[in-house]
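What follows is one structure encoded as structure tokens, with my remarks underneath.
The values are calculated or read from the model by the stated rules, or taken from the named source; none is laboratory data. Being a predicted model, the structure only gives us computed values, none of them experimental. Cβ: placed from backbone, ideal geometry, glycine included. Neighbour counts: every protein chain shown. Heads up: the accessible areas ignore ligands, DNA and RNA and are worked out on the full protein's heavy atoms, side chains in. Shrake-Rupley method; radii C 1.70, N 1.55, O 1.52, S 1.80 Å.
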Amino acid sequence: MTLTVVIPAYNECATIRQVVESVRAVPIVTGIVVVDDASTDGTAAVLAELAEHDPALKVLTHARNRGKGAALRTGFAAATGDVVVVHDADLEYDPREFPRLMQPIAEGRADVVLGSRFAGGESHRVLYFWHTVGNRVLTLLSNMMTNLNLTDMEACPKMFRREVLQGIRLEESRFGFEPEVVAKVARLGCRIYEVGVAYHGRTYAEGKKIQWHDGLAALWCIFKYNLLR
Ligand SMILES: Nc1nc2c(ncn2[C@@H]2O[C@H](COP(=O)(O)OP(=O)(O)OP(=O)(O)O)[C@@H](O)[C@H]2O)c(=O)[nH]1
Ligand SMILES: [Mg+2]
């Protein structure tokens with residue numbers, strides 16, 4: 001079973017090399033698609049150098065910044081593996097966990113596997129209490145509408161059988177991707193599994209970017225994609 005890793009990247013010049021190298025080092029990875037979302041910090045130059053002698057690494061570039069969801073749409077369309085996983089470009093998650101995430105799909109039990117920072121015994125950096133509350137509330141509201149018992153709707157690691165993913169029309173261009181895709185795979189009746197993942201979160205001083213209005217946007221998307229469609 002082949003695995004394509006889709007990495008959205010916006011101004012991640014400090015981490016992108018290490019991210020790509022750590023993904024490459026995972027034996028089950030057969031292809032990597034990085035979507036440079038019009039970075040202005042030199043990410044493009046690092047990516048060009050990394051792609052030079054690596055046919056398994058595809059770099060796609062947006063002419064202007066369009067957001068994580070839009071970057072993922074571009075990346076998913078170019079993915080060719082049997083299975084596709086989303087991986088952020090900021091070292092918060094560990095690609096060595098891909099085999100564990102893939103297991104339910106490889107065994108033919110799952111169509112979609114979601115990583116969770118709140119399930120399983122992996123290590124998690126202790127960080128912002130109110131962010132965790134926000135995550136729990138968003139996950140609770142999403143679960144109430146999908147009737148799924150997820151523990152972490154907003155976690156980045158999301159793995160799909162490619163046919164399932166490419167059969168979904170995704171609309172959200174920014175961080176609304178997470179609630180949108182969960183609502184859509186739930187509605188399709190996909191077999192969903194959850195796997196606990198380690199989380200090495202960053203502080204705002206270290207470059208964390210998410211803002212309170214991203215939480216509000218996620219809230220709106222939970223209602224939009226579960227009730228209004
Ligand atoms: N913030 C942001 N990230 C983008 C954008 N386009 C692509 N990305 C990538 O999407 C991934 C997630 O972005 P992050 O800013 O790390 O968002 P997050 O992990 O939800 O939140 P924090 O890490 O807490 O800031 C990263 O790999 C980014 O490089 C964009 O327009 N804005
Ligand atoms: Mg992040």
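For the reader, a short list of remarks on this structure follows.
- Fully extending the segment from E171 to W220, taken as 0.36 nm per residue of separation minus the present Cα-Cα distance, adds 16.3 nm.
- Percent of Cα pairs in segment 3-227 per distance bin of 5 Å, from zero to the largest separation: 1, 7, 15, 20, 22, 18, 12, 4, 1, 0.
- GNM flexibility winner over the chain from F177, F118, F129 (Cα, springs under 10 Å): F129
- Karplus-derived 3J(HN,Hα), 6.51/-1.76/1.60, for each residue of segment 153-170, Hz, glycine and proline x: 4, 8, 4, 5, x, 9, 10, 9, 5, 4, 4, 5, 5, 6, x, 9, 8, 9
- The simple spin-label model puts a point 7 Å past each Cα toward its Cβ; for R229 and A77 those points are separated by 1.8 nm.
- Within a Gaussian network of the chain (alpha carbon springs, distance under 10 Å), most fluctuating of V182, V29, V164: V164
- Dipole axis of segment 3-227 (+1 Lys, Arg; -1 Asp, Glu on Cβ), positive-most option in T4, V126, A183: A183
- Kirkwood analysis of segment 85-151, using all unique Cα-Cα pairs, places the hydrodynamic radius at 13.9 Å.
- Label-reachable residues, segment 70-107, where backbone N falls under 11 Å from a point 7 Å from E206's Cα toward its Cβ: 91-93
- Stokes-Einstein diffusion coefficient of segment 1-76, Kirkwood radius over Cα pairs, 10 °C, 1.306 mPa s, in µm²/s: 129
- Rolling a 1.4 Å probe over the heavy atoms of the protein chains gives the chain an accessible area of 47 Å² per residue.
- Amide H to amide H, with H built 1.01 Å from N, E194 comes under 5 Å of L114, counting only residues 5 or more places away or on other chains.
- Given a 1.4 Å probe and the protein chains as shown, D214 ends up with an accessible area of around 30 Å².
- In terms of overall dimensions, segment 113-229 has a Cα radius of gyration and Dmax of 14.0, 41 angstrom.
- Within the accessible area of segment 3-227 (1.4 Å probe), percent carbon and sulfur: 56
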